[in-house]
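Please treat every number below as a calculation from the coordinates, not as lab data. Model, not experiment: these values are computed from the prediction. Note that we place each Cβ from the backbone using ideal geometry, even for glycine, and neighbour counts take in every protein chain shown.
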Amino acid sequence: MDCTTKGTWVTFAGGSLGAQAAVVLVTKADDGWAIVTDRTPFHPVSLSWLDQPGDRGWMTLADGQRVAVIDSREGLWNVATATLADAAQKRSDPDIHAVVLHVVDAAPPAVGDIVTLEVDGDYRDALSVQHTGVHLAALALNQCAARFWTKDPGDPDTLGVPNLDKMAVTGSTISPDQSTDIYRLGKSLRKKGFDRDAFLADLSACGQRINDTLRGMLSTPAPVVVGPAEGPLGDRRHWSTRLNGVDATMPCGGTHVADLARIAEITVALSGTEEGFVMTTRAVVV
């Protein structure tokens, strides 16, 4: 596949950690060289939602030299100009395609070389555990907050309750140890019927109810799927599992554990802010 016309073909959603690939672009980056290949198992940090960091790992060059991939990032390729596009350019432009930039701080390969790509599996796994914890915590938050809606805002989550997480989250950061989500409870939410003051007054108890809900979700573990398993980076992907026997799905471009049985516990802590609240989530493996 020529990724300069269709974007990078990625396999991270299916859990892939390695691949052979052809180098199609080498360009200077602030912290080294950015290498684009026709396909890759590397999950890059997204340009639009910077929650999960990019994979790290290694690239074995044609001469056998193994160099570190210190970061992986989403980039945009402009077919019309045959250059990397500015991040502000519209993705709806048919000439713009998403590519993965593998950042190395050593001498780069040449365009046309065949390289072997290897993802750091331990780092990927730690991020995947926390990302799965984020999704379950968001659904548990929505269930806890359901009682504070005075009218139906008309935007249910996959389990059928108002999707406070989607409507209020303004930022999310995932690390190997925890995740942090920032929520703004502004005027638009109040107009939709959310009782901000009552929710914040009940914040501590809500945190306890979320943790109780999370324990219930993990009591009936089920497989987790991100699909499609492979395809162009710019394609839309979905995360899905079963929670207490009910199918649950949501859009997601990250990586996850293959089964909820991997996770022993997920706990959250809520803290109020001037504009809303922050939810810190920690997932622990069995």
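General remarks:
- Using the Cβ-Cβ distance between ILE182 and ALA258 with R0 set to 35 Å, the FRET efficiency works out to roughly 0.75.
- Net length available on complete extension from LEU159 to ARG190 is 8.9 nm, with 0.36 nm assigned per residue and the Cα-Cα distance removed.
- Pairs exceeding a 25 Å alpha-carbon distance, out of LYS28/LYS90; LYS166/LYS192; LYS6/LYS90; LYS90/LYS191; LYS166/LYS191: LYS90/LYS191.
- Förster radius 45 Å - calculated FRET efficiency between THR170 and ALA62 (Cβ-Cβ, nearest 0.05): 0.50
- Taking label points 7 Å from Cα along the Cα-to-Cβ direction, TRP49 and THR150 give a separation of 3.0 nm.
- Once both labels are positioned 7 Å from their Cα atoms along Cα-to-Cβ, the gap between ARG282 and SER204 label points is 1.9 nm.
- Taken about its Cα centre, the chain carries a charge dipole of about 900 debye when Lys and Arg each add +1 at the Cβ and Asp and Glu each add -1 at the Cβ.
- Take 247-259, 194-206 and order them by the average number of nearby Cβ atoms within 10 Å per residue, most first; the result is 247-259, 194-206.
- Taking a straight Cα-Cα cut-off under 14 Å and skipping sequence neighbours fewer than 8 places away in the same chain, the aspartates and glutamates within cross-link reach of LYS187 are ASP195, ASP197, GLU274, GLU275.
- Placed amide H near ASN163: partners under 5 Å, 5+ positions off or other chain: ASP155, ASP157
- Fluctuation leader among ARG56, ARG124, ARG242 - the chain, Gaussian network, Cα springs under 10 angstrom: ARG242
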